[in-house]
Amino acid sequence: MGIDELNKSYEPRDVEEKWYQDWIDKSLFKAEDSSEKKPFSIVIPPPNVTGMLHMGHALNNTLQDILIRYKRMQGFNTLWMPGTDHAGIATQNVVEQELAREGIHRHDIGREKFIERVWQWREKYGGIILNQLKKLGCSCDWSRERFTMDEGLSRAVREVFVRLYNDGLIYQGDYIVNWCPRCHTAISDLEVEYETEATHLWYIRYPYADGKGEIVVATTRPETMLGDTAVAVNPEDERYKDVIGKKVILPLMNKEIPVIADDYITKEFGTGAVKITPSADPNDFVMAQRHNLDIVVIMDGRAVINENGGRYQGQDCYTCRMNVVEDLKKEGYYVKEEPYTHNVGRCYRCKTIVEPMVSKQWFVKVKGLAKTATAAVVKGETKIVPSMWEATYFDWLENIRDWCISRQIWWGHRIPVWYCDECGKIIVAVEEPEKCPGCGNAALRQDEDVLDTWFSSGLWPFSTLGWPEETDALRTFYPTSLLITGFDIIFFWVARMMMMGLYVMKDVPFRRVYLHALVRDEKGDKMSKSKGNIIDPLKMIDKYGADAFRYTLAVFTAQGRDVKMSEARIEGYRHFINKIWNAFRFSMMNLSDYTENSGELKPEDYSLADRWIKDRLNRTVDDVNAALEEYRFNDATSRLYQFTWHELCDWYLELIKPVLYGENTNRKKAAQETLLLVLRETMKLLHPFIPFVTEEIWQKISDNEKSIVISEYPAAKEEWVDGEADLMFAYLKEIITTVRNIRGIMHVPPAKKMKVHWFCPDEAVQHIVSTGTHYIKDMAGLTEFSHLAEKEEEPKGVAVGVAGPVKVYVFLGGMIDIEKEKARLQKEHAKTSTDIKRVSRKLENPDFLSKASGEVVQKEEAKYAELKERNRILIDALGNLSAMAE
RNA sequence: GGGCGGAUAGCUCAGUUGGGAGAGCGCCACGUUUACACCGUGGAUGUCACAGGUUCAAGUCCUGUUCCGCCUACCA
């Protein structure tokens, strides 16, 4: 392998596709249904089949890939189950739009043909996002890819529906639900987004039927008065005590409705009297049930006033609102209007204002399921990380309301309920019945509705493993080990999977849940198309490589913090990837004459540098493993950055250059062996984060192993621990840095070699420094680094530095710049003096001496002595300078 | 209304049982040393939001305040 073949800069583009294909060809991501190895499984949060990879996906899947690759390298039987969900409303919207371009409405072609079109669309575009995950490097077991509308998963959906129904946990009824007039379907409470909007509060006069006076109500939705069936006041309200039970005339409709009393009414708000529209307001609906009020539906599914709206029939509700207000004014019922802000609910899919509407829907009774789901987390069967999200999870489950699962769209799992129009029987079954079991009628009619997409994704952790069949995969991988997802879908998905998993499997769907934050732009704003601050992950991968992109995401993933992303940051971490690449190039250049195991090396062949870097590596291995076990992605990546760049590259590679270029063959061999070892271990440590570049390098440095993907993840080794080397090297590093510091401040260019003398009364330290003299000379650029036996020999007219217990005299050649040196020494002296003051304050405090631990006191005392000595040296040096100046 | 999170260097953020304020980027100076200018060496920069309290000792623990962000809620 010649160095000429290696680019000076790392070029990700050629490399990434090559290795991804190789991994697939070698089937490295495949999980075993049954195995001797311990299982570790993650199910992907299935992206919408209509989706395109955005930053949120990129973060979510990068984190999953890091952990799954880590566990795979640790020897687990790992499964990362991929797939997509059918995204009922979103997908239907997309295909409807496609049809609209051809001038077709779905009703023109009918349900069956429409579904066919959706499947065609899915064939063509459905795989896009999964292919994008491959670009990111995701090591999913693609042979197991699932789709929520697959036959197997659909069967699971019907099975669960039937079980829930038979257990009395699913019911149908006329209730008020959130209705999206554009999507033309009911949606669940979670699918409504509230936004505060500026509007008005209208005051309207409702005259008493007996002609004696009137009651004034306040409303934000005057048009709904067409469906009013009562006016309500608080029973405690003195103003209205006498009118409870009286009738009022509903203006415009000319109809009598009662005045009722209900605790729900706040006396202080508005006039204390509220118009009640059970068909268009959730609170009014509940009140209507309490008081047995009529429910008059005044709108159709498109939010257009229907025949119950009298003269307003045919108007959409916003036009109707204007007309109602106009007519109220004309007819003398209008009192006033005030500016007012309140929350308006919008459909999370299409942002249309949601109408509360009464209609016949299917619901899941969730109270009991929610209790079980809560208990599982309380008992620790599932652990939520970071734990602060537990409170959110508990709170939501505690206040949960029944889940509306029916949707009035065509794309989705059709509700497995059939009606017999002959005898009125309702049949709930997994398989379509051929005839009515009651009367034998063969002409059965299936319920028109489909299920909420989240109903099927709630089953994802076991339906993807083959349930209701009792498969090996299910036995091996359920409960899954870990779920990684964004906190924003804790209710949509996490809580529902918990409920479904516990209900169906009698065990939690996952042992742990790691919730990550959102990706925002560099200013902390949410990324959105309308703001134009979107960063396209694919463009970033294309430009900087998947590795740089992934590393950036991981580095910024601190627990409980949003990830603020900018292109400049990704570019920054590309530099890191390039640094790794060049460390590799350097190694290749210096390993060409090295053959492994070509003879025994003795312990003394290994230099201090060799011993030191192995010790550092070992500590890094420890830290990275610990961080990954606790999902501290930022700690793991920062530590690896620090080690690779600032320990391996900045120090070790520089330290061994003289050995590699030198004549001592055993020393050189030891350095080469160490270099190769450290490089291999470092690549393995880095691989889960940056899979591509590490594989590219691994293939050239490994001992004919198949792939780094299945290499063994480094674990700390006793034999690498070397506290002595670490301690020794700390002294040498400090001396080197001190000399470099003086060189820098005095503007001595690196090419100009300097002469340095040193003095140290401590014999142990003397020994260490003497042993490391060659390192100091090489790393600080010195011609000479000689020891002074006696302090009296100290030279004059030199710069003086203090490196711990070691005093260094730097010969600057020619005349020393006295002013500059003076300034430098004075500054250091000032700093030391401040430190001395702080330390002595402590040591003079009897409370400190008596109450602080002996260890701490000792530390402070040592610190004091060291600082004192340093200051003495500095004062000496300053004195010498003044003497020179005279 | 309820809940949660945040406030540390110019920017973005680490800081795990309380015991010498850190990193990355940016900035300044010097430097083309045959791995890397996507580089090297050195340097500067902080009332750790504010006010109290506990403690020998507080960025770290407690209480309160201010300002930001998010989630949640049925007040017309």
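The values are calculated or read from the model by the stated rules, or taken from the named source; none is laboratory data. Being a predicted model, the structure only gives us computed values, none of them experimental. A quick note on method: Cβ atoms are made from the backbone with ideal geometry, for glycine too, and the neighbour counts reach across all protein chains shown. Accessible surface areas use protein heavy atoms only, side chains included; no ligands, DNA or RNA. Shrake-Rupley method; radii C 1.70, N 1.55, O 1.52, S 1.80 Å.
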For this session: For the stretch A:561-576, state whether one or more residues are assigned to a loop (DSSP other than H, G, I, E, B), in the same structural domain as A:A627 (by TED's automatic domain parsing), out of contact with any strand residue (DSSP E or B) (no Cβ under 7 Å at 6 or more places or on another chain) and within 7 Å of RNA strand B (Cβ to nearest atom).
Result: yes
Problem set entry | Residue list for the stretch A:708-735, restricted to those being exposed (fewer than 12 other Cβ atoms within 10 Å of the Cβ) and assigned to a helix (DSSP H, G or I) | A:E718, A:E719, A:G723
Problem set entry | Search result, residues across the stretch A:743-783 that are surrounded by 12 or more Cβ atoms within 10 Å (Cβ to Cβ) and near RNA strand B (Cβ under 8 Å from one of its atoms) | A:R743, A:I745, A:V748, A:G781
Problem set entry | Residues that are of a type in the set (S, T, N, Q) and open to solvent by less than 60 Å² (accessible area, probe 1.4 Å), drawn from the stretch A:834-844 | A:S840
Exercise. For A:K371, which of the numbered conditions (1) under 25 Å from A:E193 (Cα atoms); (2) open to solvent by 30 Å² or more (accessible area, probe 1.4 Å); (3) not in a loop (DSSP other than H, G, I, E, B) fails to hold?
Worked result: (1)
Seminar exercise, completed: Given (1) out of contact with any Ser or Thr (no Cβ under 6 Å at 6 or more places or on another chain); (2) open to solvent by 30 Å² or more (accessible area, probe 1.4 Å); (3) away from RNA strand B (no atom under 16 Å from the Cβ), A:R182 misses just (1)
For this session: Out of A:E705, A:E695, report the one residue that is open to solvent by less than 70 Å² (accessible area, probe 1.4 Å) and not small (G, A, S).
Result: A:E695
For this session: Tell me, please, whether a residue that is open to solvent by 40 Å² or more (accessible area, probe 1.4 Å), in a helix (DSSP H, G or I) and more than 16 Å from RNA strand B (Cβ to nearest atom) can be found in the stretch A:165-178.
Result: yes
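A quick yes/no check of all residues on (1) in the same structural domain as A:H687 (by TED's automatic domain parsing); (2) of a type in the set (S, T, N, Q); (3) touching a residue at least 12 places away in the same chain (Cβ under 8 Å); (4) more than 16 Å from RNA strand B (Cβ to nearest atom):
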{"residue": "A:E11", "(1), (2), (3), (4)": "no, no, no, no"}
{"residue": "A:K18", "(1), (2), (3), (4)": "no, no, no, yes"}
{"residue": "A:D22", "(1), (2), (3), (4)": "no, no, yes, yes"}
{"residue": "A:P39", "(1), (2), (3), (4)": "no, no, yes, yes"}
{"residue": "A:V43", "(1), (2), (3), (4)": "no, no, yes, yes"}
{"residue": "A:P46", "(1), (2), (3), (4)": "no, no, yes, yes"}
Seminar exercise, completed: Scanning the stretch A:398-432 for residues that are assigned to a strand (DSSP E or B) and touching an Asp or Glu at 6+ places or on another chain (Cβ under 8 Å), the one farthest from A:F161 (Cα to Cα) turns out to be A:Y419
For this session: Considering only the stretch A:191-226, state which residues are touching a strand residue (DSSP E or B) at 6+ places or on another chain (Cβ under 7 Å), away from RNA strand B (no atom under 12 Å from the Cβ) and open to solvent by 10 Å² or more (accessible area, probe 1.4 Å).
Result: A:A198, A:R205, A:P207, A:Y208, A:A209, A:E214
For this session: Please name all residue pairs, on different chains or six or more residues apart, with Cβ atoms under 7 Å, provided the first residue is in the stretch A:561-587 and is closer than 21 Å to A:D525 by Cα and the second residue is of a type in the set (F, W, Y) and open to solvent by less than 50 Å² (accessible area, probe 1.4 Å).
Result: A:I570/A:Y544; A:I570/A:F549; A:E571/A:Y544
For this session: Sort through A:N704, A:N664 and tell me the only one that's at positive phi, free of Cβ contacts under 8 Å to residues at least 24 places away in the same chain and away from RNA strand B (no atom under 16 Å from the Cβ).
Result: A:N704
For this session: State all residues of the stretch A:536-560 that are among the aromatic types (F, W, Y), more than 10 Å from RNA strand B (Cβ to nearest atom) and surrounded by fewer than 22 Cβ atoms within 10 Å (Cβ to Cβ); if no residue qualifies, say none.
Result: none
Exercise. Going by the structure shown, is A:K531 open to solvent by 10 Å² or more (accessible area, probe 1.4 Å) and either part of a helix (DSSP H, G or I) or among the hydroxyl-bearing types (S, T, Y) (or both)?
Worked result: no
For this session: Report the residue count in the stretch A:467-485 for those that are surrounded by 22 or more Cβ atoms within 10 Å (Cβ to Cβ), farther than 19 Å from A:R69 by Cβ and within 27 Å of the chain's Cα centre (by Cα).
Result: 1
Exercise. Residues in the stretch A:506-515: is at least one surrounded by 16 or more Cβ atoms within 10 Å (Cβ to Cβ), within 12 Å of RNA strand B (Cβ to nearest atom) and under 17 Å from the mean Cα position of the chain (by Cα)?
Worked result: yes
Exercise. Given the conditions (1) more than 9 Å from RNA strand B (Cβ to nearest atom); (2) open to solvent by 50 Å² or more (accessible area, probe 1.4 Å); (3) not aliphatic (A, V, I, L, M), which single one is not true for A:P251?
Worked result: (2)
